[in-house]
1. Restricted to the range 1-39, and to residues that are modelled with pLDDT of 90 or more and among the small types (Gly, Ala, Ser), which residue is nearest to the chain's Cα centre (by Cα)?
2. For Val94, state whether it is under 19 Å from Ala164 (Cβ atoms) and either surrounded by 12 or more Cβ atoms within 10 Å (Cβ to Cβ) or not assigned by TED's automatic domain parsing to the domain that holds Ala164 (or both).
3. Suppose the filter is assigned to a helix (DSSP H, G or I), modelled with pLDDT of 90 or more and in contact with a Lys or Arg (Cβ under 8 Å, 6 or more places away or on another chain); does Gln136 pass it?
4. Taking the range 286-343 only, how many residues are touching a Gly at 6+ places or on another chain (Cβ under 8 Å), in a loop (DSSP other than H, G, I, E, B) and in the same structural domain as Ala255 (by TED's automatic domain parsing)?
5. Counting residues that are in contact (Cβ under 8 Å) with a residue 12 or more places away in the chain and more than 23 Å from Leu156 (Cα to Cα), which helices (runs of 4 or more DSSP H) fully inside the range 18-114 reach at least 3?
6. Mind checking whether some residue in the range 501-511 is over 19 Å from Asn388 (Cβ atoms), surrounded by fewer than 16 Cβ atoms within 10 Å (Cβ to Cβ) and among the polar types (S, T, N, Q)?
Amino acid sequence: MNADQSNFSKMGFAKTFVLPTLLIFLVPVFALGFFLHAESRFNAEAREVVLRQIREDPKMSPGEREQAVKYFTSYRFSDLIKNNEFAKEIDGTVRFNFATFRWMIFLSALSILASVIVFTLAGLCVLLSLRSQRSQYLSLSFGWHVLRIYGAFQTLVQGILLVALSYWVTALWLHMYSPKLILCTGLIGLMGVIAVLAAIFKKIDVTSDVEGSLLAREGAEPFYDELEAICRKVGTSPPNQVVVGIDDNFFVTEAPVRVDGQTLGGRTLFVSLSLLKQLHMSEAEGVVAHELAHFSGEDTLYSKKIAPLLEGYQRYLHALCQSGVGYLVYYFMNCFRALFEVSLGRRRRQREFRADRIAAEITSPRDVAGALLRITAYSKFRGDVQENLFKQEQLLETANIAEQIADGFQAFSVRFAREHDIGELRSAHPFDSHPPLADRLESVGVTLIPETAESLLTAPGDGGWYRLIDSAEEIERQQWNDFEARFRSFHETSLAYRFLPESDEESAIVVKAFPAITVEGKSGSLAVDYQRLHFTKWPAPIEFHEITSCAVDNGVLQIGYQREGKQRQVLKLKTFGKRQQEVLETIGSYWGRYQSALAYQAQKRLETSADLSPEA
């Protein structure tokens, strides 16, 4: 990255995250200024009243009058009223007003001071988190606990300030007040506090669902022997369990995982059978060594510890964002979440490079480079195959994704090696992000150029590790069958959102997902299908393509449509009793399907037109 890009990134980060944090000061700074102004104004008015009484008091001698005037002009009324003896002589409403000003000034100043202190503490936590994984975890843990307490405090305090301002701003400057405004502000503030407190105490579950099967040692002894040999070389104990699947990645984790409905703890190694089939023996060894190096470096241990903190932080941010009064606090909290993410990203990058270097020492830089290239190419090719299948606008009798990958991957991988942007690609990972491919290869001493990539991918992998598992082919085939069945089902569902049916086959697909529905009401029935809706008291059905507007007003559905000019029809929802929500959801669902199909067909025509353009 050059200097201009770096400066732009820093400026973009500042505009997106740092500057919005200043909004945290908006309410307390305004409240502090306003209530200082209000107190000053009330002080002046009270002084004038007292001085007038002194001047008009016939019982006072000139000396006493002069002394009294000097006393009340030397001290603020708001300070004098703090004296209990003096306060007893003052009207209760006046005492309450001055107490309100005093507390609002205190809360405003406390809010501002707390923001400055927490900003400094959180900034120090971010700096300390750059030192090591342990310091990163401790800093994030401390910072998160401080920030969530601070967030709840600010939401409560700023809610109180806003309620006070909702009365006093209008009362002082406009000589009036709105009970509705005060009530609404109070309710918003209360809802914000409840939402934030609920987010603090909500239980965090970071268990991940993993598609795959537990690999038993029986029938896979050679695989486990090789795995344990690599563990010894890396200097770590073997994983508690190995899960095999067909995803386009390998990974390790110490967080809980669910496999086939069973929750597993401890260390988990996920191995892709489909990738093992494509890799050379030494390349697969390098990949496994890389993953096990994350165990030896305690990467997975700290990921497990940090994951609940990040999940809790994210939920807290969501609660703040949705809580109204907490929205201003959200920007403050979000800034430090972004700063911690910078620290986390830097640490992830460092540990990926470390794992790559260990893998290269155990195998060779060339083996690691070949594995990374082959895995990245596989992921790209599989994505292309699935995307092309998904684009088809007819039912898929079979998906045959595995067969298409097996038949075409080798030819694709050679073409892939010649792509000029290959170095910017990243390999997939469910729990982490990886640096660009070129950076990872450079860290193990391999310069990525098309010639090098092509030489590494020219020869197909021997699938040596795949053959170490007796049941590999059976397990893989079963998992592909399950995946392809889900893929076809999802594809069929998506077709219903693409078609404005022009054939019986297309109509059948849409009707299967959106069958005709009738909802009975007290004064008639509503019939809805994928083309139209009709209520028994209407003179004729309304086609979806005729509708121009649809909105609910005071329990009445107002439908505007175009038919020989603009027309309008109404549907009183109360006629459906307890099924009112069902009626709205049904109409919304069927109307939404039509809108999705309309947008899809318009985009399709646009793309076709672009393809046929002479400039294309």
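1. Among those that are modelled with pLDDT of 90 or more and among the small types (Gly, Ala, Ser), it is Ala31.
2. Yes, satisfied.
3. Judged against the criteria, Gln136 is a match.
4. Matching residues across the range 286-343 total 0.
5. 26-56, 62-74
6. There is at least one residue in the range 501-511 that is over 19 Å from Asn388 (Cβ atoms), surrounded by fewer than 16 Cβ atoms within 10 Å (Cβ to Cβ) and among the polar types (S, T, N, Q).
Rundown of residues vs (1) without any contact (Cβ under 8 Å) to a residue 24 or more places away in the chain; (2) in a strand (DSSP E or B), yes/no style:
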position: Ala229; (1), (2): yes, no
position: Lys233; (1), (2): no, no
position: Thr236; (1), (2): no, no
position: Pro239; (1), (2): no, no
position: Val244; (1), (2): no, yes
position: Asp248; (1), (2): no, no
position: Thr263; (1), (2): no, yes
position: Gly266; (1), (2): no, no
position: Leu269; (1), (2): no, yes
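Listed here are the residues, each with its yes/no results for (1) buried (at least 16 other Cβ atoms within 10 Å of the Cβ); (2) small (Gly, Ala, Ser); (3) farther than 24 Å from Gly245 by Cβ.
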residue	(1), (2), (3)
Leu437	yes, no, no
Arg440	yes, no, no
Gly445	no, yes, yes
Leu448	yes, no, yes
Glu451	no, no, yes
Ala459	no, yes, yes
Glu473	no, no, no
Ser489	no, yes, no
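The values are calculated or read from the model by the stated rules, or taken from the named source; none is laboratory data. Just so we're clear, the structure is a prediction, and the values are computed from it rather than from any experiment. Ideal geometry is used to build each Cβ from the backbone, glycine not excepted, and the neighbour counts take in all protein chains shown.
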